[in-house]
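Below: the structure, in structure tokens.
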Amino acid sequence: MRTLTALFLISFQVGVGLTTSFRPVVAQTLPILKKLPEQLPSPVTTDIVSPNINEEISSQFNNYLLGKGDTVRVVIQRPPGPYKLGIGDTISVSVQRFPDLTFQAPINPEGNIVVPLLGTVALKGLTLTEAQEKIYTGLNRFVINPITVLSLVGQRPDLSFEASIGPDGNIVVPQAGKLFLEGLSLEEAQEKIRLALVGNISDPIVQVSLGAMRPVRITITGEVFRPGIYNSGSSMPYITDILPLAGGSNLSADLRKVEVRRKLSDNSIVSQHIDLYGTLQSGISPPDLRLQDGDVVIVPRREISTTDNYDRNLIARSTLAVPKIKVRVLNYAAGGIVTQSLPNGSTFVDALGGINVNNANLREIALIRFDQQGGKAITRKLDAKKVFEGDISQNVALQDEDVIVIGRNLIGKITNVLNTVTQPFFNIQGFVRFFQNFGSGIFGGNSD
């Protein structure tokens, strides 16, 4: 942005501002608007930024790009210094001793007036003194010393306006006609409008600001619970505002390399990687990258080789993951399967709060978890008595769709059934259905 001093040293002034207030986004579930395309476009430019929490955001992500539905506010001012005539100004010319040459006329769309004896005379862009001298010089060819007095009796209307970008990407600029602004930054739109007006207005000073912002729709895909296209409640949301709309990241997500893709006005696609995990680890604010309408957020899958030192519990306790998890408890004493809804980041002892410990065999407990990489169920024996005695090794962090089995007999039955399963669970839904069917068969009922 050029400084204020520089603005008065050149022929036009750049003044761009966002006048729309930005509201914080409340993390809530919104309906998916449409299905995702089968394949996302790949970036065709080389502006790929390596995942580094200290990396500055690419300049191509700092500029707001105008689009259909945006409203721009355009203020057109005259340059400092003597007033220059333009289209729509009305002047009065008085010629002493020659009343027949006295007249009043507006400057027409071509920038001219009609002067007696002279015919068409161009005055656009001249000061009042220059216009007066031009008319005097012309009349002096026909009459002797025509003392001429020129005055401005009607100033042209203010050409400032506000316009919405239409479905064709254009706005209508007074005295310039249609201009295509879609895909331009505010600075680029401002310069384009200024150049379009130069032919009709002398040295116009143009200031463009964003009067109203179009609705922001963001595509969220990858390792989130509800991939889809979402409307944002904020004018220019941060990436941390958007992830909760899709239910947060799932257990397979790698938040060290979240990717944002943006399509530019030339149809090229730029990409920026954001390390959200690193910001959680360090306790600093996420990068100051505001999303725009049409952006695509991709949460990648974590590779098996990159699981070392990746604390999923840290993610679970943040707003970047699903806020609630489901944990199923199988217990003869409770008469079946009980589904508990717990805050993400809960541990084994939190689940015990929903169990009648007086009737349960607390030393015979198994935690069964779906291994997404291996497509199988993994069982871990736990001792709740040791948890209550302060053994933190037994107080494991829970994950969504974990199953807690209480009692030696139940554990034995489930273990036998799991050992006879020859086909792997293809996904978490198959794992959940297995225990729903198991509960129905053992207890004669169904669970959520």
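Taken together, the values in this text are just the output of simple stated rules run on the coordinates, not laboratory data. All values derive from a computational prediction rather than experimental measurement. Note: ideal-geometry Cβ built from the backbone for every residue, glycine included; neighbour counts use all protein chains shown.
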Rounded to the nearest 20 debye, dipole of region 91-154 from Cβ charges on Lys, Arg, Asp, Glu: 80 debye
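Suppose the chain between D158 and Q104 were pulled fully straight at 0.36 nm per residue; how much longer would it get relative to their current alpha carbon spacing?
On the way: separation 54, 0.36 × 54 = 19.44 nm, distance 2.12 nm.
Gain on extension, D158 to Q104, equals 17.3 nm.
So what is the relative contact order for region 91-154, in percent, with contacts set as C-alpha pairs under 8 Å and at least six apart?
On the way: 86 pairs, mean separation 25.0, N = 64.
About 39 percent, as a whole number.
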Residues other than G88 with Cβ under 13 Å of its Cβ, Lys/Arg counted +1 and Asp/Glu -1, net out at +1
All-pairs alpha carbon distance profile, region 120-236, 5 Å steps from 0, percent: 2, 8, 13, 14, 11, 9, 9, 8, 6, 5, 4, 3, 2, 2, 1, 1, 1, 0
Around P106: net Lys/Arg minus Asp/Glu count, Cβ-Cβ under 11 Å: 0
Straight-line reach check, K263, cutoff 27 Å on alpha carbons, 8 or more apart in-chain or any other chain, hits among lysines -> K34, K35, K68, K178, K192
What aspartates and glutamates does K381 reach when the alpha-carbon gap must be under 15 Å and sequence neighbours fewer than 8 apart in one chain are set aside? E364, D391, D402
Compute the label zone of R363 within region 391-408: residues whose backbone N is under 19 Å from the point 7 Å along Cα-to-Cβ. 391-395, 405-408
As straight-line cross-link partners of K84, the qualifying aspartates and glutamates (C-alpha separation under 18 Å, not fewer than 8 residues apart within one chain) are E110, E130, E133, D158, D203
